[in-house]
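A short write-up of the structure that comes next.
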């Protein structure tokens with residue numbers, strides 16, 4: 001005997017049914033309370049409609065932002081309000097505020113945050129990614145090692161194109177901690193393919209503890225490094241952070257650390273950039 005389907009409970013109120021069909025869940029779920037609020041405030045019919053639409057839009061925006069934050073896979077909750085600009089005087093707050101407006105993302109440009117460990121690069125990357133989501137852009141966060149490991153695995157399984165497509169969908173791709181460990185030559189070529197795929201179509205934000213002059217070592221191939229930088233720097237904003245590590249500053253103040261920290265020396269990167277050269281390698285990608 002065929003199983004009978006359980007009847008679906010449908011709204012009995014015609015207005016409730018129409019709101020459900022129009023997917024106006026915010027209005028539908030709060031209709032009575034919203035109408036009571038409008039009556040208490042003596043709103044006109046037009047003003048009531050405006051209020052209903054505002055509440056529906058606010059609910060949809062809230063849900064969109066919540067979903068986008070989950071899909072971004074940020075490792076922590078960080079925002080610009082909690083960043084200590086006074087502790088890092090090498091950073092221009094105005095430049096960060098300009099980047100937070102996300103115009104560079106709309107234009108498919110790139111941001112490179114360079115500096116020694118612990119100076120706030122990841123914090124700024126997450127905060128700028130969050131601002132991008134608030135502005136309506138899709139964001140994906142990953143570490144450099146997780147990224148190249150995923151590309152290498154996909155390449156071995158002959159599904160590299162699908163993996164590259166996956167990393168190309170988000171309007172902003174954030175790659176954290178590039179340069180902490182050197183990449184294998186094959187991994188460098190895979191990274192180059194991703195950068196080429198996103199070139200002038202999708203924005204990238206990369207954090208690194210190495211100056212761009214050292215990227216030939218990072219990618220184990222100066223020629224590939226030059227090709228990557230050629231694309232990344234064509235439309236880019238390069239920020240170099242000089243200063244002490246947040247994690248070590250307290251110990252330094254207490255006298256537990258006597259020697260100067262890594263941030264006390266020369267800059268890790270510079271806005272005056274030169275292509276990486278030297279060594280032998282395959283033809284330019």
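Structure summary
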quantity: Expected-Rg normalisation [2.2 N^0.38 Å, Cα atoms] applied to the stretch 73-264; calculated: 1.04
quantity: Label-point separation, residue 235 to residue 85 (7 Å along Cα→Cβ), nm; calculated: 2.7 nm
quantity: Alpha-carbon Rg with Dmax, taken over the stretch 16-69, Å; calculated: 12.2, 38
quantity: Euclidean distance of C-alpha centroids, the stretch 115-174 and the stretch 186-213, integer Å; calculated: 10 Å
quantity: Contour minus Cα-Cα distance for residue 32 and residue 156 (0.36 nm per residue); calculated: 38.9 nm
quantity: Percentage of interatomic Cα-Cα distances in the stretch 1-127 larger than 27 Å; calculated: 51 percent
quantity: Sorted by Cβ density within 10 Å, fewest first, the residues 84, 221; calculated: 84, 221
quantity: Cα pair count fraction exceeding 12 Å, expressed as % - the stretch 140-200; calculated: 67 percent
quantity: Sorted by Cβ density within 10 Å, fewest first, the residues 175, 238, 223; calculated: 238, 223, 175
quantity: Fewest-first ranking of 90, 236, using other Cβ atoms within 10 Å as the exposure measure; calculated: 90, 236
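Read-outs: derived from the displayed coordinates by stated rules, not from any lab. As the structure is a computational prediction, the values presented were derived from the model and not from experiment. We place every Cβ from the backbone using ideal geometry, glycine too, and count neighbours over all the protein chains shown.
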